[in-house]
Amino acid sequence: MLPALYVLAATAVDVPDVTMGMLVVFAIILVGLLLFVTEVIPIDLTAIGLMVAVILLEPWTEVGVEGGLSGFASTATITVLAMFILSEGIRRTGLLQLIGDRIITLTQGKPKRQLAALVGLSGGTAGFINNTPVVAMMIPMVVNIAKKTNTSPSKYLIPVSFASMIGGMLTLIGTSTNLLASDVSARLLDRPFSMFEFTHLGALLLLVGAAYLLLIGWRLTPARIEPEEDPMETFEMAAYLTEVIVLQGSPLIGQSVAEATEQLDLDIEIVRMRRDGETFTGPLGSKELRPSDVLLVRTDRETLIEIMGMQGLGVATQREMKKRDIDAEEPGRALIEVVVLSETEVVGRTLAKAGLGAQAEATVLAIRRGSGIIHKSLQEVQLEGGDTLLVQASDDAIQRLSTDRNFIVTQEVDPPDFRSDKVPMALGIVAGVVIAAATGLMPIVVSSLIGVVLMVATGCLRPNEVYPAVDWNVIFLLAGVIPLGIALERTGGAEWLAQLTIYYAVDWPPVVLLFVFYLFTALITNIISNNASVVLMIPVAVSAAGLIDANAFAFVLAVTFASSTAMLTPVGYQTNLMVYGPGGYRFGDFFRVGALLQLLLAVVTAVGIYAFWGV
């Protein structure tokens, strides 16, 4: 026999008719989901477009100009902005690099110990520094640790990403998703999250997740990049990088490198020139070609054979080029790997427009995209988030790339402006922000803004570093999707979806329905933005809880936790995409490692919410 609550729900819940307002909002959501998935335009611009559509269609969406622009004035948006700046203040001190050196010493080169230390560092710090910059700072550290201890970096990078996601659930400020969910919860339930609202559950999940990654995930994570593997081999450059010599009588003699390349009109790039024992590197465009010049060219074998026969070139050496050859022969230049961060201004641009090329003293030799490698027509390739570039660069270019927030250099460099003497000050400021908000002394938005001012006033950050520290794509995404959630609520669309859910799930106990909301939210988060999934799912979850007289706050928590655990695809969460290229992973590797963990976290979260908050 069903409990009285379910009998009541079965007789009382009737799915109402769909209104024109609901249809308009559902249409906007469907268009938005399509654009989020395909990314034919950047997701932040998609979010702004959704905001504009909601405002223009006010007669149906019931959201006017004030409501449509409310995302920009949201405490969540402003707090996220401040947290980006506070995280940059920590990064500029070089704190994580110092910790990385200690990890190598303390773990004594044992891979399992290193993994435990890296998972603990990633998960523990992500609760207080936004998890995206945490992973950005840890990638070079992980690659360096793996190199020094002869371990594949692939074994560490997925666990570091997953741990940062789980660790983000330790506190309110761990992720932008938490802050946004708190804002939505305050609007719908008049109950925002406190600083340590769910720390006990987050800590439990981190322990469970860490245990899984150490005992099971370690075995499932593939070693895609072999220890100490030469990047020339990793990027399969043997057939695309060759030394040729300019023979007597070559029609290229007397032409500049730029003129010769333009005349050939083929996919070929001259990377360096050696003449009379002296080596010349980019920019080479004005260099005049002479007999016996030895040129290192990037092109495929078919093109090479074609130009050798027609242009009077011969093979200078039969040896296969190695990283050590390039590094040794060209002092002041090195071969490095550079990751393109997603949702940055260089995504969608060609190499030249992204500031990578001969004029920038950084020559791209190949691009690894997922499990594939691009060697041809590199100048025409539009960059995507997660691309890993094999770059030959000068020392100055390496320093520039290491401080460019569009890229991650996957080897440790020593930026001249690490402010290690500011470590205590920066940590004290972040601690003050957390304590002020946790004790109720002031709202988190106020304490975080005060923290920003103090970071600059104390010299932890310079004024010109503040604006570049902010991931503006995330800010505009938050501001753009918030009005869509308001429209879903005001038109009754959220209640309609909730009633439809309850209509088919009327026999389910509330804790099972909670589990289902978690799983569904986690699944769509693997496809669309985590912030978008929170905005869309929380109103539906709250309405569903109200229909069965369950604890609505418990459902808010379930959706919030699920939105930060996108572990099935590399595109589900930005940190996954950040480690995708450096680890040499295949698309399915994330499902292979993350599927069981995703299900395990769903069970622990649902049971934990039931135990701590009730359902």
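The values are calculated or read from the model by the stated rules, or taken from the named source; none is laboratory data. Fair warning: this is a prediction, and the values are worked out from it, not measured in the lab. So basically every Cβ, Gly included, is an ideal-geometry build from the backbone, and we count neighbours across all protein chains shown.
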#### Entry: Of all residues making up the stretch 295-315, the number that are closer than 22 Å to residue 391 by Cβ and either of a type in the set (A, V, I, L, M, F, W, C) or loosely packed, with under 15 Cβ neighbours inside 10 Å (or both)
4
### Query
Can you find a residue in the stretch 537-557 that is surrounded by fewer than 24 Cβ atoms within 10 Å (Cβ to Cβ) and among the hydroxyl-bearing types (Ser, Thr, Tyr)?
no
### Task
State all residues of the stretch 183-196 that are touching a residue at least 40 places away in the same chain (Cβ under 8 Å), part of a loop (DSSP other than H, G, I, E, B) and not aromatic (Phe, Trp, Tyr); if no residue qualifies, say none.
191, 194, 195
### Task
Return a yes/no flag: does the stretch 470-477 have any residue that is modelled with pLDDT of 90 or more, touching a helix residue (DSSP H, G or I) at 6+ places or on another chain (Cβ under 9 Å) and part of a helix (DSSP H, G or I).
no
### Task
Please specify each residue of the stretch 142-159 satisfying the condition of being farther than 15 Å from residue 222 by Cα and either more than 18 Å from the chain's Cα centre (by Cα) or surrounded by fewer than 22 Cβ atoms within 10 Å (Cβ to Cβ) (or both).
144, 145, 147, 148, 149, 150
### Message
Here's a check for you: in the stretch 194-210, which residue that is surrounded by fewer than 17 Cβ atoms within 10 Å (Cβ to Cβ) and more than 24 Å from the chain's Cα centre (by Cα) is nearest to residue 613 (Cα to Cα)?
### Response
200
### Query
Which one of the conditions (1) in a loop (DSSP other than H, G, I, E, B); (2) of a type in the set (A, V, I, L, M, F, W, C); (3) within 30 Å of residue 607 (Cβ to Cβ) does residue 225 fail to meet, given that it meets all the rest?
(3)
### Query
If you go through the stretch 48-87, how many residues are outside any helix (DSSP H, G or I), in contact with a Pro (Cβ under 6 Å, 6 or more places away or on another chain) and polar (S, T, N, Q)?
0
### Task
Starting from residues that are among the polar types (S, T, N, Q) and closer than 14 Å to residue 423 by Cβ, keep the ones in the stretch 88-141 and report whichever is surrounded by the most Cβ atoms within 10 Å (Cβ to Cβ).
125
### Message
Is it the case, given these coordinates, that residue 163 is aliphatic (A, V, I, L, M), under 21 Å from residue 196 (Cα atoms) and touching a residue at least 24 places away in the same chain (Cβ under 8 Å)?
### Response
yes
### Task
Tally the residues that are surrounded by fewer than 17 Cβ atoms within 10 Å (Cβ to Cβ) and in a helix (DSSP H, G or I), restricting the search to the stretch 439-449.
0
### Task
Search the stretch 235-262 for residues that are closer than 11 Å to residue 290 by Cβ and touching a residue at least 60 places away in the same chain (Cβ under 8 Å) and pair each with any residue that is polar (S, T, N, Q) and in a helix (DSSP H, G or I) when their beta-carbon atoms are under 7 Å apart and the residues are at least 6 apart or on different chains.
250/311; 252/311
### Query
Which one of 549, 589 is in a helix (DSSP H, G or I) and acidic (Asp, Glu)?
589
### Task
Those residues that are within 17 Å of residue 27 (Cα to Cα) and surrounded by fewer than 18 Cβ atoms within 10 Å (Cβ to Cβ), I need them from the stretch 487-527; list them, please.
490
### Query
Taking interchain pairs and intrachain pairs at least six residues apart, which have beta carbon atoms under 8 angstrom, with the first residue in the stretch 109-127 and free of Cβ contacts under 8 Å to residues at least 40 places away in the same chain and the second in a helix (DSSP H, G or I) and surrounded by 18 or more Cβ atoms within 10 Å (Cβ to Cβ)?
113/107; 117/103; 117/107; 121/96; 121/103; 121/138
### Query
If residue 474 passes every condition in (1) surrounded by 21 or more Cβ atoms within 10 Å (Cβ to Cβ); (2) under 30 Å from residue 26 (Cβ atoms); (3) in contact with a Pro (Cβ under 9 Å, 6 or more places away or on another chain) but one, which one does it miss?
(3)
### Query
What residue, of 384, 465, is touching a residue at least 40 places away in the same chain (Cβ under 8 Å), in the same structural domain as residue 133 (by TED's automatic domain parsing) and within 30 Å of residue 41 (Cβ to Cβ)?
465
### Query
Which one of these does residue 422 not meet: (1) free of Cβ contacts under 8 Å to residues at least 24 places away in the same chain; (2) more than 24 Å from the chain's Cα centre (by Cα)?
(1)
#### Entry: Residue in the stretch 26-47 that is out of contact with any strand residue (DSSP E or B) (no Cβ under 9 Å at 6 or more places or on another chain), under 27 Å from residue 186 (Cα atoms), modelled with pLDDT of 85 or more and not in a helix (DSSP H, G or I) present
no
### Query
All but one of (1) surrounded by 19 or more Cβ atoms within 10 Å (Cβ to Cβ); (2) modelled with pLDDT of 85 or more hold for residue 69; which doesn't?
(1)
#### Entry: Residues of the stretch 566-615 satisfying the condition of being surrounded by fewer than 24 Cβ atoms within 10 Å (Cβ to Cβ) and among the β-branched types (Val, Ile, Thr)
569, 571, 603, 604, 607, 615
